[in-house]
Every structure is written in structure tokens, then in C-alpha cells.
Amino acid sequence: MKAIAGSLLLIFIMNTSTNAQDSNPVRFGFKGGINFSNLYTEDDASSKMRTGFNVGIFTKLPITNYIAIQPEIYYTTKGAEITYNNAFVTGTAGFHLNYIEVPLMIVGNITKYFNVHAGPYAAFLINGKVKNESNVDLFNFEDNLNKDDYNTFEAGVAIGAGIDLKAVSLGVRYNHGLTNVGKERTFMNTDYTFPDAKNGVINLYVSLSLN
């Protein structure tokens, strides 16, 4: 009986998978869009959004008619303009950070045309630069901060929703970083992290399936 039950379960799973593949075939294609990025700090600082872009590729692997896994890889811009004010210095620093990002999204098809998705992502810093205006000239961020002052690896979570129109999809997504952008440093026997902040990005995207 156990063998029969196991065989029936296996047949059911295979049949479900086949039906999912028939009605929701594996998709792959290109995606890209506009970013509205920010840096969220824990100290006394305020920030303004930076407008940028993202562009890359994706594949959508159906598990059932209602659930799919969607790995992606794309180039994305992040950063913000931070106004800082502490015991040492006041000023404004504009951060321009560019990453290769790899999300792994779980997609839920609520209807034929509407989906929600969520999942983790990992990002790898390609380059970063900063433009700074300060009331103190002791430390010029533009000349002294470089890629080595930022964490190369970033981890975070993403959540979003999309509209599927055959080969074209439109969507919005929010990426919330869980790791600090800047590395910890020591200056005049004082430990600091600059920027002591995490990435947050809203992106509006369009994706085009090639099959």
C-alpha cells in the first residue's frame, strides 16, 4: 500500500509539473527600468534620492500554475545625497554606487495578469565615487574615499508586484539592504563608518520575454 501511495503521489507531482510547464512555460529575457535610490542612516543625517537605472536578464521557472522561481542578474545604480552634521564636521556628500545584483524571487501568480514576488538578493560593488561639500577641509572625501572604503558585498530582501501582458511585464519593486554600505574605519582614535547607511531602492521596470 505504501508503494502504491508513493507511486500515486509521484504521478501526481509529475502531472502537476507537466501541466504547469504546458500552461506556464519557462521564460527568459531582458529587463530594465528606473531606480529611485536612497541611503538610510542610523546617525543624525538626512538624505535625498538619486535617480538611476537597472538593466539585465532573467529567467522564470514555473513550479505550479501559481508559483514560479525567478533568478535574475543585472547592473544597477544606487546611492543618495547625504547631509551630515556631527561633532566633527557638517556637509553634504553625494554617493554614486554601482552594483551587479543577483536576486532570487519567488513569484506568486494571483491572477493570469497580476503577480506578487519576494525574495533575497546579493549584490557586488563594481565601483563607487563621492562628491563632497564640507565646512572642514581636513578630509576631502572626493580625493580619499574609493572603492576600498565600501563593502564589496551587499545582502538584502526585495518585494514587488507586476502585471504580465504576454511577452511584456511591467512592475514595481522595493529592495531593502541589510548590510552597511561603508566599512568601519578609525580616525584620530575614533571608530566610524561612513556612510553608516544601508541601500534602499525603488525600481520601476519593464521585462521582455524572448520565448
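The values are calculated or read from the model by the stated rules, or taken from the named source; none is laboratory data. Please read these numbers as outputs of a predicted model, since none were measured by experiment. Note: ideal-geometry Cβ built from the backbone for every residue, glycine included; neighbour counts use all protein chains shown.
Observations
- The range 169-211: number of residues that are among the β-branched types (Val, Ile, Thr), modelled with pLDDT under 95 and crowded, with 21+ Cβ neighbours inside 10 Å: 1
- Sole exception among (1) over 19 Å from Tyr40 (Cβ atoms); (2) modelled with pLDDT of 95 or more; (3) of a type in the set (D, E, K, R) for Asp137, by number: (2)
- All positions within the range 66-96 that are of a type in the set (S, T, N, Q), farther than 19 Å from Val181 by Cβ and surrounded by 15 or more Cβ atoms within 10 Å (Cβ to Cβ): Gln70
- Condition check for Leu97: in contact (Cβ under 8 Å) with a residue 40 or more places away in the chain, assigned to a strand (DSSP E or B) and touching a strand residue (DSSP E or B) at 6+ places or on another chain (Cβ under 8 Å): yes
- In the set (1) out of contact with any Asp or Glu (no Cβ under 8 Å at 6 or more places or on another chain); (2) surrounded by 15 or more Cβ atoms within 10 Å (Cβ to Cβ); (3) at pLDDT below 95, Leu61 fails one condition alone, (3).
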